[in-house]
Amino acid sequence: LAIPMTLHDSLMARLDRLAPVKEVAQIGAVIGREFSYELLAAVAPMLREELDNALEQWVKSELVFRRGTGPEAIYTFKHALVHDAAYQSLLRSKRQQLHARIAQVLEERRTDTGEIGPEVLARHLTDAGLAARAIPYWCRAGELAARRSANPEAVAHLTKGLELVATLPDAPDRAEEELALRLAIGGPLI
């Protein structure tokens, strides 16, 4: 029996022992440290029965905790290191595809309900490599944070938007988005 050299290796070995349902944990990890059954079911490419069985195995393994039941259940990774190990076990291209799918589902549900903030959608779009679609959400997240007087948070969101604007090709739309972000960041910086 091989003894893992690091904690990460130990966590990966534990994840690998649950290989048949590892994909569920990976998708959950892309969603975040905490994820809802409803969002996972919308993103996971499997039947509900398979998903339920996989989640039950994860709960029994004590790698994730469950609050609630059925479609209202919320799952949380036991530790940030477990979440990170599941996330890192995915290929970058697969992670980008999952982030894009999650963003699509979140956009379809609209963030205006207040349940999901624009920063969550912006992060998934950014991680999916969809900078042009992420920028307006970073701007909105910054503006909302500034209204709450959460200035460091506002600056962080707006700075992320500015970083993404710099990656876009030179076009009139780019200049408008950059101007909107620079105007929005002025107040929180002061």
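The values are calculated or read from the model by the stated rules, or taken from the named source; none is laboratory data. Note that the coordinates shown come from a computational prediction; the quantities given were computed from them, not determined experimentally. Please note: Cβ atoms are built from the backbone with ideal geometry, for glycine as well, and neighbour counts cover all protein chains shown. What goes into the accessible areas is simple: the full protein's heavy atoms, side chains included, and nothing from ligands, DNA or RNA. Shrake-Rupley method; radii C 1.70, N 1.55, O 1.52, S 1.80 Å.
Enumerate the helices (runs of 4 or more DSSP H) found wholly within the stretch 22-68, keeping only those where 1 or more residues are over 27 Å from Glu119 (Cα atoms), touching a residue at least 12 places away in the same chain (Cβ under 8 Å) and of a type in the set (A, V, I, L, M). Filter on the stretch 22-68 gives 48-60.
Give the number of residues within the stretch 73-86 that are buried (at least 19 other Cβ atoms within 10 Å of the Cβ) and out of contact with any strand residue (DSSP E or B) (no Cβ under 6 Å at 6 or more places or on another chain). Lay out the reasoning, then the answer.
Of the residues in the stretch 73-86, the ones buried (at least 19 other Cβ atoms within 10 Å of the Cβ) are 75, 77, 82-83, 85-86.
So of that shortlist, the ones also out of contact with any strand residue (DSSP E or B) (no Cβ under 6 Å at 6 or more places or on another chain) come out as 82, 85-86.
Within the stretch 73-86, residues that are buried (at least 19 other Cβ atoms within 10 Å of the Cβ) and out of contact with any strand residue (DSSP E or B) (no Cβ under 6 Å at 6 or more places or on another chain) number 3.
Here is a check on your reading of the model: is Val155 closer than 29 Å to Ala25 by Cα and assigned to a helix (DSSP H, G or I)?
No: the conditions fail for Val155.
Every listed requirement among (1) within 24 Å of the chain's Cα centre (by Cα); (2) within 14 Å of Ala131 (Cα to Cα) is met by Glu178 save one, (1). Taken over the stretch 105-136, the criterion of being touching a His at 6+ places or on another chain (Cβ under 9 Å), of a type outside the set (D, E, K, R) and on the phi < 0 side of the Ramachandran plot is satisfied by Leu106, Pro118, Ala122, His124, Leu125, Thr126, Ala128, Leu130, Ala134.
For the stretch 32-55, check the following and say yes or no: at least one residue is modelled with pLDDT of 85 or more, open to solvent by less than 70 Å² (accessible area, probe 1.4 Å) and within 13 Å of Ala80 (Cα to Cα). Looking for residues that are modelled with pLDDT of 85 or more, open to solvent by less than 70 Å² (accessible area, probe 1.4 Å) and within 13 Å of Ala80 (Cα to Cα), one finds at least one in the stretch 32-55, hence yes. Counting only residues that are in a helix (DSSP H, G or I), more than 30 Å from Pro169 (Cβ to Cβ) and basic (Lys, Arg), the stretch 135-152 holds 1 of them.
Contact annotation: no residue pair with Cβ atoms under 9 Å, 6 or more positions apart or on different chains, pairs a residue in the stretch 161-179 that is farther than 15 Å from Pro136 by Cβ and outside any helix (DSSP H, G or I) with a partner that is hydroxyl-bearing (Ser, Thr, Tyr) and open to solvent by 50 Å² or more (accessible area, probe 1.4 Å). Might you check whether a residue that is in contact (Cβ under 8 Å) with a residue 40 or more places away in the chain, in a loop (DSSP other than H, G, I, E, B) and at negative phi occurs anywhere in the stretch 86-99? Among the residues of the stretch 86-99, at least one is in contact (Cβ under 8 Å) with a residue 40 or more places away in the chain, in a loop (DSSP other than H, G, I, E, B) and at negative phi, which makes the answer yes.
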